[in-house]
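Below: one structure, written as structure tokens.
The values are calculated or read from the model by the stated rules, or taken from the named source; none is laboratory data. What you see is a predicted model; the values in this text were computed from it and never measured. Note: ideal-geometry Cβ built from the backbone for every residue, glycine included; neighbour counts use all protein chains shown.
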Amino acid sequence: MPAAVKKLPARTMHFALPLALTFIMTFLVSGVATLRAIGFVDGMLSRWMESWIASWILAFPIMLFLMPVMRRLLARVIEQR
């Protein structure tokens, strides 16, 4: 039986969730935007990666700040269990 993988402590969720969400979302959205803007051309992949990293660098700190703010705002209008 394989050994269990040690999990990160719960306190890391406030950092890990926006990290993962912004990583995936900016990757996909920048890919779609780059493809629509320039199409399948030589250098498309490198331009996509440039666009992606610029998007992620902006999105991650914004998400770190906005997630708790949005949770508080939405808690005012969404019924809690």
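Of all residues in region 14-64, how many are assigned to a loop (DSSP other than H, G, I, E, B) and aliphatic (A, V, I, L, M)?
So in region 14-64, the residues assigned to a loop (DSSP other than H, G, I, E, B) come out as 39-43.
Right, trim to aliphatic (A, V, I, L, M) and you get 41.
Total satisfying the criteria: 1.
Hey, THR12 hits all of (1) surrounded by 12 or more Cβ atoms within 10 Å (Cβ to Cβ); (2) β-branched (Val, Ile, Thr); (3) closer than 23 Å to LEU64 by Cβ but one; which does it fall short on?
Status for THR12: all satisfied but (1).
Inside region 1-21, can you point out the residues that are among the hydrophobic types (A, V, I, L, M, F, W, C) and either farther than 13 Å from PHE60 by Cβ or at pLDDT below 90 (or both)? Spell out the reasoning first.
Step one: filter region 1-21 for residues among the hydrophobic types (A, V, I, L, M, F, W, C), giving 1, 3-5, 8, 10, 13, 15-17, 19-21.
Hits for region 1-21 are MET1, ALA3, ALA4, VAL5, LEU8, ALA10, MET13.
Condition check: at pLDDT below 95 and either in contact with a Ser or Thr (Cβ under 7 Å, 6 or more places away or on another chain) or part of a helix (DSSP H, G or I) (or both). Does ARG71 satisfy that? Walk me through it before giving the result.
Details: at pLDDT below 95: yes; either in contact with a Ser or Thr (Cβ under 7 Å, 6 or more places away or on another chain) or part of a helix (DSSP H, G or I) (or both): yes.
Yes; evaluated as a whole, the condition is true for this residue.
Please enumerate the residues belonging to region 35-81 that are surrounded by fewer than 11 Cβ atoms within 10 Å (Cβ to Cβ), farther than 26 Å from MET13 by Cβ and of a type in the set (Val, Ile, Thr).
The answer is VAL41, and nothing else.
Which one is farthest from MET13 (Cα to Cα), of the residues in region 24-34 that are loosely packed, with under 12 Cβ neighbours inside 10 Å and β-branched (Val, Ile, Thr)? Full working, then the answer.
Of all residues in region 24-34, those loosely packed, with under 12 Cβ neighbours inside 10 Å come to 24, 28, 32.
Filter once more, keeping what is β-branched (Val, Ile, Thr): 24, 32.
On the way: ILE24: 16, VAL32: 28 Å.
Taking the candidates together, the pick is VAL32.
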